[in-house]
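K.L.:
Pasting a structure below so you can have a look.
The values are calculated or read from the model by the stated rules, or taken from the named source; none is laboratory data. Predicted model, so just to flag it, every value in this text is computed and none were measured. Heads up, the Cβs are rebuilt from the backbone with ideal geometry, glycines too, and the neighbour counts pull from every protein chain shown. Surface accessibility is based on the protein's heavy atoms, side chains included, excluding ligands, DNA and RNA. Shrake-Rupley method; radii C 1.70, N 1.55, O 1.52, S 1.80 Å.
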Amino acid sequence: MKSENSPFLITERLEFSLLAGSDQGALQELLGDPDIMYAWEHGFSSEEVQDWLSENLRRYASDGYSYWAVRLRSDGSLIGVMGILQERVAGEAYTGIGYILHKRCWGQSYASEGGEALCQYAFHNLELPLLTAQVRTNNLPSQRVAAGLGMLVLREFKKLYCGQEMPHLLYCLERDTWQRRAAKRKVIMQINEGKKRFLPLLLLGDEEETMIDRYLERGELFALYDGDLKAVAVITREAETVFELKNLAVEPKAQRQGYGHYLIEVLCGLYGREGNKMLVGTGDVSSALDFYAACGFVRSHIVKNFFTDNYPLPIFEGSTQLVDMVYLERKL
């Protein structure tokens with residue numbers, strides 16, 4: 001529903017999207033700067049940037065991931081690339097993370113924030129058991145980032161690049177170790193495959209599985225993690241510039257902590273780039289109506305007997321049976 005290069009991974013300050021051919025100019029500024037590319041010991045030529053971009057686009061197709069564009073949420077400017085990479089060390093295959101950030105953004109913790117998002121994406125969405133990072137032995141800032149993510153040095157090795165041997169450290173982080181560390185950074189990720197694994201949580205927002213099936217595949221599902229799963233939402237396009245929040249559910253232990261409101265705010269900002277209205281339908285009960293009013297929604301219209309006509313069993317909110325669907329809208 002959104003454009004191809006729309007964000008699919010969002011943190012408090014950053015958003016990740018697929019690279020495209022139109023990014024080559026910004027990539028030339030980034031990869032062509034020898035100060036930024038000190039780990040490679042030279043800035044890339046225009047031909048090398050084109051080859052680098054083509055290789056990443058190829059990896060999207062073969063691996064499903066690679067370096068992604070990283071932009072500031074505040075103004076959309078591209079500040080670097082970060083991603084999950086298939087790599088080899090001494091003939092052994094690893095899945096690692098990597099990043100290249102513009103020097104104007106150094107020292108602002110973007111690498112740590114983005115690195116944590118990559119860990120959450122790798123362990124939660126890709127369900128990888130292990131994640132690595134290759135860091136040159138003289139790259140102390142990146143060593144601090146790796147250590148801050150909980151990574152430990154597994155081994156030292158030498159990488160041959162342009163005929164030169166470059167000593168590297170291989171950092172490693174196991175999924176179980178990372179989960180015990182219980183990282184606390186809000187990350188929102190779009191889920192394209194295996195949406196039904198979120199069904200237990202989705203059923204908190206819509207009690208009938210057959211109703212969920214009507215919109216889940218055509219909709220876009222987003223999961224909010226803050227260490228572990230906190231909330232999910234499903235958005236559908238109902239008209240050219242109109243979207244609908246079909247399902248919003250927060251884990252019971254995480255309710256009344258602002259996660260639902262935060263997820264709505266981020267998604268309304270995201271879909272506001274494509275449309276001008278967000279709808280949501282809910283039961284005619286004060287708790288739900290007050291929540292959406294606090295999120296900036298106002299009453300639009302009512303669909304009479306929606307719950308009694310579409311659900312095989314009566315639906316209750318507390319002691320109140322839901323009968324009519326109240327639609328609310330928010331301008332984007």
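K.L.:
Given (1) free of Cβ contacts under 8 Å to residues at least 60 places away in the same chain; (2) closer than 20 Å to residue 130 by Cα; (3) open to solvent by 50 Å² or more (accessible area, probe 1.4 Å), where does residue 57 come up short, assuming only one miss?
P.N.:
All conditions pass for residue 57, except number (2).
K.L.:
Mind listing whichever residues of the stretch 1-39 are open to solvent by 10 Å² or more (accessible area, probe 1.4 Å), among the polar types (S, T, N, Q) and at pLDDT 95 or above?
P.N.:
Passing the criteria: only 28.
K.L.:
Mind checking which helices (runs of 4 or more DSSP H) fall wholly inside the stretch 109-182 and carry at least 3 residues that are more than 23 Å from residue 226 (Cβ to Cβ) and open to solvent by 20 Å² or more (accessible area, probe 1.4 Å)?
P.N.:
The qualifying helices (runs of 4 or more DSSP H) are 140-148.
K.L.:
Let me ask something additional. Select from the stretch 181-200 the residues that are basic (Lys, Arg) and under 17 Å from residue 110 (Cβ atoms) and list them in ascending order.
P.N.:
Within the stretch 181-200, 185, 186 meet the criteria.
K.L.:
Among the strands (runs of 3 or more DSSP E) confined wholly to the stretch 196-298, which include 1 or more residues that are at pLDDT 95 or above, open to solvent by 50 Å² or more (accessible area, probe 1.4 Å) and at negative phi?
P.N.:
228-239, 242-250, 277-283
K.L.:
Tally the residues that are exposed (fewer than 14 other Cβ atoms within 10 Å of the Cβ) and within 22 Å of residue 167 (Cβ to Cβ), restricting the search to the stretch 40-54.
P.N.:
The total comes to 2.
K.L.:
Determine if the stretch 318-327 includes at least one residue that is open to solvent by 50 Å² or more (accessible area, probe 1.4 Å), at pLDDT 90 or above, more than 20 Å from residue 256 (Cα to Cα) and in a loop (DSSP other than H, G, I, E, B).
P.N.:
Yes; the residues of the stretch 318-327 include at least one that is open to solvent by 50 Å² or more (accessible area, probe 1.4 Å), at pLDDT 90 or above, more than 20 Å from residue 256 (Cα to Cα) and in a loop (DSSP other than H, G, I, E, B).
K.L.:
Does the stretch 68-91 hold any residues that are in a strand (DSSP E or B), out of contact with any Ser or Thr (no Cβ under 9 Å at 6 or more places or on another chain) and over 13 Å from residue 26 (Cβ atoms), and which are they?
P.N.:
82, 88
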